[in-house]
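Read-outs: derived from the displayed coordinates by stated rules, not from any lab. Bear in mind the structure is a predicted one, so any value in this text is a computation, not a measurement. Quick reminder, even Gly has a Cβ in these numbers, built from the backbone with ideal geometry, and neighbours come from all protein chains shown.
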Amino acid sequence: MRIGMLTSGGDAPGLNAVIRGAVLTGTTVHEHEYVGFRDGWKGLVENDTMTLGRHEVKGISKQGGTILGTSRTNPFEGRGGVDRINEVMNENGLDALIAIGGEGTLAAAKRLTDAGVRIVGVPKTVDNDLDATDYTFGFDTAVGIATEAMDRLRTTGDAHNRCMVAEVMGRHVGWIALHSGMAAGAHAILIPEQRTSMDQLTEWVQSAYNRGRAPLVVVAEGFTLEGDDEPHNDRGLDAFGRPRLGGIGERLAPLIEARTGIETRATTLGHIQRGGTPSAYDRVLATRLGMAAVRAVNGHRWGQMVALRGTDIVFVPFEAALGSLKTVPQERYDEAALLFG
Ligand code: F6P
């Protein structure tokens with residue numbers, strides 16, 4: 001079989017391990033051939049290909065980013081569309097496509113599959129907010145980076161008796177904030193799913209400070225303070241029409257200072273959470289997902305994606321990952337909140 005492969009949407013540590021897992025399985029076990037498309041759907045629409053074989057994937061599991069490149073291009077815009085994609089697939093003699101991406105990518109993949117294009121998917125997001133899979137690769141790495149950053153913020157906070165606010169990724173959900181906050185022993189964790197009040201936050205910060213601790217507050221970029229009419233994380237669109245997020249940490253710092261009199265500093269961790277080498281856990285998960293994607297192709301499971309259930313890799317329809325986000329359950333937040341303050 002000849003299989004096309006692309007990575008689309010925001011990158012996540014582990015993308016290269018997925019590519020390697022699929023290519024090695026396909027070339028060594030099944031005699032498949034691969035064609036890589038550069039920069040996501042853009043490469044498919046523009047027929048921008050690259051050689052993808054054993055040589056190209058040598059040693060890439062430990063590399064961040066994606067050797068295929070990525071973009072947030074919609075395959076139905078511009079000169080894209082079903083006819084164009086079929087044309088490019090035919091020109092390259094492709095029997096199937098493996099699309100690695102998040103909700104937007106999987107939604108596009110579903111639309112194409114419904115129109116007869118033979119696609120299997122691999123779910124991806126550092127935010128861990130995709131339904132139908134227990135964990136996504138990249139999440140563990142992001143949590144590790146955020147935790148290490150907070151451990152560092154605590155030592156400088158302790159030295160100065162300051163409150164430290166760490167803003168982490170999480171546009172719609174607070175998984176990274178919850179896990180890194182618990183790991184670092186944060187005194188408050190603020191997530192989009194919970195509209196916490198300034199009174200409550202002040203209480204947590206003050207209580208930690210009164211016990212001689214330098215308060216550590218973790219806030220997900222998508223958090224909105226109770227009573228804020230305008231979400232401060234919504235900073236409009238960038239020049240490419242994409243949402244510009246971030247800034248809630250900087251918004252909270254002066255409010256905490258004003259309420260408590262405790263000197264406060266905010267740090268936005270931003271894209272360092274997505275860059276660099278993936279954790280061992282993410283490499284293993286991503287490799288298994290890449291290998292399973294080949295099994296999905298062999299089984300003609302068009303319109304399905306590979307997913308993690310417990311410790312097993314399973315196949316689920318694209319629609320299982322679409323429509324609703326996997327948010328932090330109330331009981332998980334309440335459990336973490338028992339240790340706040
Ligand atoms: O969806 C993953 C994510 O990392 C979000 O947490 C974040 O808001 C967004 O992507 C950033 O997107 P970009 O890389 O396009 O700025």
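What GluC sites (Glu not before Pro) in the range 185-261 are in a loop by DSSP, with at most 14 other Cβ atoms within 10 Å of the Cβ? Please report the intermediate quantities before stating the final value.
On the way: sites: GLU193, GLU203, GLU221, GLU226, GLU250, GLU257; in loops: GLU193, GLU221, GLU226.
Those satisfying the criteria are GLU226.
Can you tell me what percent of all Cα-Cα pairs in the chain are more than 32 Å apart? If you can, show how the numbers build up before the last one.
Values: 19732 of 57970 pairs.
Of the Cα pairs, 34 percent sit more than 32 Å apart.
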Give me the one-decimal nm value for the distance between modelled label points at ASP199 and ILE60, 7 Å along each residue's Cα-to-Cβ direction.
5.5
Between the range 253-273 and the range 168-233, how many Å separate their Cα centres?
10
Euclidean distance of C-alpha centroids, the range 295-341 and the range 51-102, integer Å
23
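Cα gyration tensor of the range 44-141, axes a ≥ b ≥ c as square roots of the eigenvalues: rounded (a/c below 1.5), prolate (a/b > b/c) or oblate?
Values: a/c = 2.02, a/b = 1.25, b/c = 1.61.
The shape class here is oblate.
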Largest fluctuation, HIS179, HIS55, HIS187 only, Gaussian network model of the chain with Cα springs under 10 angstrom, belongs to HIS55
Suppose R0 equals 25 Å. What FRET efficiency, 1/(1 + (r/R0)^6) with r the Cβ-Cβ distance, do GLU331 and HIS172 give to the nearest 0.05?
0.85
In the Gaussian network model of the chain, springs joining C-alpha atoms below 10 Å, which of GLY185, GLY261, GLY36 carries the largest mean-square fluctuation?
GLY261
Considering the chain as a Gaussian network with a 10 Å cut-off on Cα pairs, which listed residue, PRO123, PRO317, PRO329, attains the greatest mean-square fluctuation?
PRO329
Return the long-range amide H neighbours of ALA188 (sequence gap of 5 or more, or a different chain), with a cut-off of under 5 Å between placed amide H atoms.
LEU216, VAL218, GLY341
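What's the exposure ranking of ASP11, ASP282, ASP158, ASP199, going from fewest to most Cβ atoms within 10 Å? Each step should come with its number before you reach the end.
On the way: ASP11 20, ASP282 27, ASP158 14, ASP199 10.
Taking fewest neighbouring Cβ atoms as first place, the list is ASP199, ASP158, ASP11, ASP282.
Exceeding 24 Å between C-alpha atoms, which entries from my cross-link table qualify? They are LYS124/LYS326; LYS42/LYS110; LYS58/LYS326; LYS110/LYS326.
On the way: LYS124/LYS326 13 Å; LYS42/LYS110 17 Å; LYS58/LYS326 34 Å; LYS110/LYS326 19 Å.
Over 24 Å Cα-Cα: LYS58/LYS326.
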Sort the range 214-317 into rounded, prolate or oblate with this rule: let a ≥ b ≥ c be the square roots of the eigenvalues of the Cα gyration tensor; rounded if a/c is under 1.5, and if a/c is not under 1.5, prolate when a/b is larger than b/c, oblate otherwise.
prolate
Between ASP83 and THR155, how many nm apart are label points set 7 Å from Cα along the C-beta direction?
6.3
Loop only per DSSP, at most 16 neighbouring Cβ atoms within 10 Å: give me the trypsin sites (Lys or Arg not before Pro) in the range 237-341, ordered by residue number.
ARG244
Suppose we keep just the DSSP beta bridges with both residues in the range 139-275; what percent of those would be antiparallel, to 5?
5
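Shape of the range 139-275 from its Cα gyration tensor (a ≥ b ≥ c, root eigenvalues): rounded if a/c is under 1.5, otherwise prolate when a/b > b/c, or oblate? Can you show the working numbers first?
Values: a/c = 1.81, a/b = 1.27, b/c = 1.42.
Oblate, because a/c is 1.5 or more while a/b does not exceed b/c.
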